[in-house]
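Please read the structure below before turning to the comments.
What follows is calculated from the coordinates using simple rules that are stated; it is not laboratory data. Just so it is clear, the model here is predicted, and its values are computed rather than measured. Please note: Cβ atoms are built from the backbone with ideal geometry, for glycine as well, and neighbour counts cover all protein chains shown.
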Amino acid sequence: MVLYLGIEIGGTKLQVVVGDADGVIHDRFRFGVEAEEGGAGIRRHIAATLERFRPHPSLRGMGVGYGGPVDWRTGRVCCSHHVVGWSDFPLGDWLRELSGLPVTVDNDANVAALGEARRGAGQGHDPVLYVTLGSGVGGGLVVDGRIYHGATPGEVELGHVRLDRAGTTVESRCAGWAVDRRIRGLAAAERGGMLARLTAGTSGGEARHLGTALAAGDPAARGLLEETARDLAFGLSHAVHLLHPAVIVVGGGLSLLGEPLRAAVAAALPGFVMEAFQPGPEVRLAGLAEDAVPVGALLAAASAVVSDSRQAPT
């Protein structure tokens with residue numbers, strides 16, 4: 001069986017998977033990211049894991065989803081907004097030297113978009129716009145089954161879309177840390193409220209309690225969800241007008257709120273979209289959950305190998 005390696009390099013987790021050209025994962029290695037160890041610590045985990053596969057005659061290539069801006073043509077990292085020690089690092093060259101395999105490197109949101117478009121919630125739709133709500137807000141666009149690439153080093157940076165002239169961004173309103181901040185504000189204002197009780201004694205990660213408060217019918221939680229959904233829908237409306245996707249897939253940690261988040265975004269979006277585009281694209285929750293990036297990395301690796309073989313002289 002022909003196999004590929006897929007790697008997800010994020011701000012909180014590292015995944016190395018082995019899978020096939022259809023994106024089916026056969027084996028997985030997962031590590032937590034220790035920010036204080038920087039990029040060097042992540043690279044030590046990758047190097048040790050890759051050593052397990054030397055030699056491995058069934059492996060044909062490697063795909064990487066990197067959590068930050070990267071030059072997809074060369075595999076050189078621009079920077080990381082979460083972990084130090086990555087700026088200007090030649091990730092693609094380093095991995096090729098370690099493994100002896102062809103390597104393709106892309107932004108993790110782009111890679112996740114590919115996974116969702118071909119094996120997740122975006123199947124059967126074209127184009128597919130993917131937005132991830134986590135430690136930041138990222139986006140990716142897949143057209144005709146391929147990642148859309150604009151000018152280096154970034155494209156479809158939904159998190160940096162401005163919501164007003166003062167510089168408020170989608171990320172500053174809809175990222176996990178932004179929702180945490182808003183929950184802290186509500187808890188401070190309503191000390192007897194449910195959110196205050198659920199988050200008592202915590203510092204960071206307050207958004208994980210939002211689902212519990214919503215399920216209990218807490219009005220403050222419902223108001224916060226709807227406000228976040230409106231902000232996200234407003235940002236997405238710009239992408240709808242410019243790119244006209246057939247479906248929008250919402251992933252990332254905040255998407256674990258599930259149907260309440262999806263429904264709120266779907267309800268708010270038409271109000272920001274021009275009449276000619278009504279009712280607008282369908283909004284779906286990501287189907288691959290935490291596997292979106294590794295599955296997309298496997299698909300990217302397989303596609304790159306096939307493309308290279310077609311271009312090789314006969």
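Below are the figures for this structure:
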read-out	value
Net charge of Cβ neighbours under 15 Å - reference T49; Lys, Arg +1; Asp, Glu -1	+4
Dipole in debye (nearest 20) - the chain, about Cα centre, beta carbon charges: Lys, Arg +1; Asp, Glu -1	300
Highest average packing first - 63-75, 271-283, Cβ atoms within 10 Å	63-75, 271-283
Positive-end extreme of charge dipole, the chain - chosen from T49, V24, V295 (charges on Cβ)	T49
Principal axis dimensions, largest first and in whole angstrom, of segment 121-286 by Cα	51, 31, 29
Selection from G145, L261, T199 lying farthest towards where the dipole of segment 121-286 points positive, charges on Cβ	T199
Net charge contributed by nearby residues that have their C-beta within less than 11 Å of L288 (K/R +1, D/E -1)	-1
Overall Cα dimensions of the chain, principal axis frame, Å, largest first	67, 49, 35
J(HN,Hα) series, segment 33-43, from Karplus relation 6.51 cos²θ - 1.76 cosθ + 1.60, nearest Hz, glycine and proline x	8, 9, 4, 5, 7, x, x, 4, x, 5, 5
Note, ³J(HN,Hα) from phi for segment 282-296, Karplus 6.51, -1.76, 1.60, rounded to Hz, x at Gly and Pro	5, 10, 10, 7, 4, x, 9, 6, 6, 8, 4, 5, x, 5, x
Protection proxy ranking, peptides 135-142, 34-41, average beta carbon neighbours within 10 Å, highest first	135-142, 34-41
